[in-house]
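Chemist: Input: one structure, supplied below.
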Amino acid sequence: MMRRMKFSHTLFALIALCISFGVSPCLAKSSQVNATELSEVATHPAKMDWWLDDKFGLFIHWGPSSVASVEIGWARASHPFDHQGKLELMPDAEYDALYKQFNPVDFDADQLVRTAKAAGMKYLVFTAKHHDGFSNWATELSDYNSMNAPYGRDICKELADAVHKHGLKLGWYYSTRDWSHPDYLVGDNSQYNDYYHGQIRELLTNYGQVDVLWFDHVAGKWSDYRFEELFEMIYELQPQILVNNRAAKFVFRHKAGTPTPELFALTKGDYETPEGKIGNFRVDYPWETCMPMSKGPDGHGGWSYRPEAVTASFEKCAQMLAACVTGGGNMLLNVGPMPSGELRSEELANLKALKPWMQTYGESIYGTRAGPYVSGQWGGACHKGNVIYLHVFEWADGQLSLPTLPRKVLHCEALGGESVSFTQNADALTIRLHESKMRSLRRTFKPTERSLHRVLKLTLEPGADMALIPVEGHVAKQQHGTLVNPMCE
């Protein structure tokens with residue numbers, strides 16, 4: 001049974017965090033911490049700075065399901081209170097026994113983290129527990145964990161140690177859904193609350209600094225859960241942690257437990273998480289696309305190891321990253337290690353190919369903010385100081401014409417070394433690409449014939465902040481206050 005926290009410790013942590021972020025400590029003046037106070041600390045913009053700058057992370061889905069080459073979690077036949085999906089299913093007993101064969105003797109956490117870092121990734125999020133309930137760490141709350149598999153090691157610890165060693169940020173994916181737990185929604189859900197709160201406490205206590213907590217959905221009613229208690233514990237243990245928007249995703253509004261607006265806002269976390277597609281152009285709220293590098297041959301799944309999976313080209317991976325960044329978001333690119341612990345050769349090759357791409361174009365990714373041009377089929381823009389970067393996906397006869405900028409363009413260059421020229425007048429900024437005059441590349445990456453993606457760097461005269469500029473004919477509609485990104489496919 002999880003031990004309840006002492007309020008005084010939590011209050012002290014919240015006041016310290018408020019002061020560090022410049023928020024008045026009178027925020028936490030009541031006799032108990034409530035959703036409003038937690039939400040104000042949780043959503044303070046200062047703690048988002050590193051994440052907004054870093055842009056690019058590695059997502060890893062892995063567990064015993066890799067032994068049978070089936071989709072993690074979703075291949076288990078029983079999904080209490082959830083839809084069944086479109087994947088081939090295994091009987092529960094057969095799926096739940098896969099851990100008895102899970103022995104990834106070739107897993108090398110240090111090598112994996114070094115590969116991610118070389119590919120330009122700044123943070124890593126790992127599936128500590130997926131919907132199937134298997135824990136990839138030495139949890140004391142369940143025997144269904146990696147220590148009791150033939151492998152017999154704490155995978156989370158090995159990854160956490162490697163991440164900290166190499167200077168990346170650490171994130172835990174944790175599925176609040178648990179289809180193998182007898183109390184999850186079909187039993188005594190108060191017991192399940194104690195269980196999963198206890199597991200979160202372990203993950204935020206035993207592995208040093210944790211920078212991201214990436215929840216993945218939960219069903220039921222609001223009255224089934226103790227979310228204020230959960231978030232109080234989270235911010236007590238890791239005050240500057242970022243939490244995604246899925247802690248209460250799919251929880252139903254119900255007469256027996258309708259949340260207050262403050263609690264609803266708290267559980268929305270720090271950023272949104274469009275899945276399997278590029279998020280819409282949005283600069284008013286942080287978002288991160290999570291995207292599998294591979295997909296099953298039927299177009300479904302692909303988050304975890306599937307030997308027959310179809311893997312996106314490295315050029316596509318780079319273009320998706322650019323589409324996220326110019327649309328105002330981050331990208332969490334997923335790989336699924338094999339039963340041995342190694343990556344599929346196709347996914348490893350993509351990560352290695354991203355290294356020279358990021359060496360050449362990384363300045364147009366890190367530390368930028370979207371705009372001033374709104375994304376379209378042509379590509380998108382991001383900026384940093386007096387510099388605008390254009391990620392161009394389509395060229396009309398080697399030319400790109402955009403609405404003019406309110407400030408003078410002093411210089412235009414292509415980061416890949418291509419020859420470009422530009423003209424600017426009161427109506428338009430026109431850039432011409434002279435591929436036949438391509439100069440020697442300054443670094444190591446050379447665009448292939450398959451990719452039209454080019455990155456341009458515009459240096460502007462100093463001036464005020466840049467307002468967003470729609471590009472006529474490229475953004476057709478607006479939904480829920482966000483502009484539709486044509487890369488959403």
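Chemist: What FRET efficiency would be calculated for the residue pair Thr430, Leu348, taking the C-beta separation as r and a Förster radius of 45 Å, to the nearest 0.05?
Modeler: 0.65
Chemist: Can I ask one more? Over 23 Å between Cα atoms: which of Lys117/Lys457; Lys47/Lys408; Lys100/Lys165; Lys295/Lys352; Lys129/Lys352; Lys316/Lys457 fall into that group?
Modeler: In this structure, Lys117/Lys457; Lys47/Lys408; Lys100/Lys165; Lys129/Lys352 lie more than 23 Å apart at Cα.
Chemist: Let me ask another. In terms of modelled amide H atoms, which long-range or inter-chain residues lie less than 5 Å from the amide H of Phe252?
Modeler: Result for Phe252 returns Gly220, Lys221, Trp222.
Chemist: Oh, and also: When the convex hull of the C-alpha atoms of segment 266-311 is computed, what volume per residue in Å³ does it have?
Modeler: So the per-residue hull volume is 86 Å³.
Chemist: Can you check what the net charge comes to around Leu213, using other residues whose Cβ is under 11 Å from the Cβ of Leu213 (Lys, Arg +1; Asp, Glu -1)?
Modeler: Every neighbour counted, the sum reads -2.
Chemist: Provide the gained length on full extension for the span Arg114 to Ala46, in nm with one decimal, where the gain is 0.36 nm per separating residue minus the Cα-Cα distance.
Modeler: Length gained, Arg114 through Ala46: 21.7 nm.
Chemist: Right, next: Give a residue-ordered list of calculated ³J(HN,Hα) values for segment 364-375 (Karplus: 6.51 cos²θ - 1.76 cosθ + 1.60, θ = phi - 60°; whole Hz; x for Gly, Pro).
Modeler: The phi angles translate into 8, 10, 5, x, 8, 10, 5, x, x, 6, 7, 4 Hz.
Chemist: Can you list the residues of segment 353-383 with backbone N under 18 Å from a point 7 Å past the Cα of Val283, pointing along Cα to Cβ?
Modeler: Hits in segment 353-383 for Val283 at 18 Å: 364-383.
Chemist: Under the Karplus relation 6.51 cos²θ - 1.76 cosθ + 1.60, θ = phi - 60°, what is the ordered set of whole-Hz ³J(HN,Hα) values for segment 330-340, x standing for Gly and Pro?
Modeler: 10, 10, 10, 8, 9, 10, x, x, 6, x, 6
Chemist: Work out how far the C-alpha atoms of segment 366-415 reach from end to end along every principal axis, then list the three figures in whole Å, largest first.
Modeler: Projected onto the principal axes, the Cα atoms of segment 366-415 cover 30, 22, 21 Å.
Chemist: Please list, ordered by chain and number, the residues whose modelled amide H lies under 5 Å from the amide H of Ser135; skip anything fewer than 5 residues away on the same chain.
Modeler: Residues meeting the amide H criterion: Asn145, Ser146.
Chemist: Turning to a different aspect of this structure: Under the 0.36 nm per residue contour assumption, what length would be gained going from the current alpha-carbon distance of Ala464 and Gln359 to full extension?
Modeler: Roughly 34.8 nm would be gained on extension.
Chemist: Hey, what do the phi angles of segment 302-315 turn into as Karplus ³J(HN,Hα) couplings, whole Hz, using 6.51/-1.76/1.60 and θ = phi - 60°, x for Gly and Pro?
Modeler: In residue order, the calculated couplings are x, 5, 10, 4, 9, x, 8, 4, 9, 9, 4, 5, 5, 4 Hz.
Chemist: From the square roots a ≥ b ≥ c of the eigenvalues of the alpha-carbon gyration tensor of segment 252-411, which class results: rounded (a/c under 1.5), prolate (a/b over b/c), or oblate?
Modeler: oblate
Chemist: Let me ask something else about it. For Ser345, Ser294, Ser180, which order do you get if you count the other beta carbons within 10 Å of each Cβ and list the fewest first?
Modeler: Ordered by Cβ neighbours within 10 Å, fewest first: Ser345, Ser180, Ser294.
Chemist: Further question on the same structure: Using amide H atoms built in the peptide plane, which far-off residues or other-chain residues are under 5 Å from Trp62 H to H?
Modeler: Thr127
Coordinate-derived values only; no laboratory data. Bear in mind that the values here come from a model prediction, so they are computed numbers and not experimental data. A quick note on method: Cβ atoms are made from the backbone with ideal geometry, for glycine too, and the neighbour counts reach across all protein chains shown.
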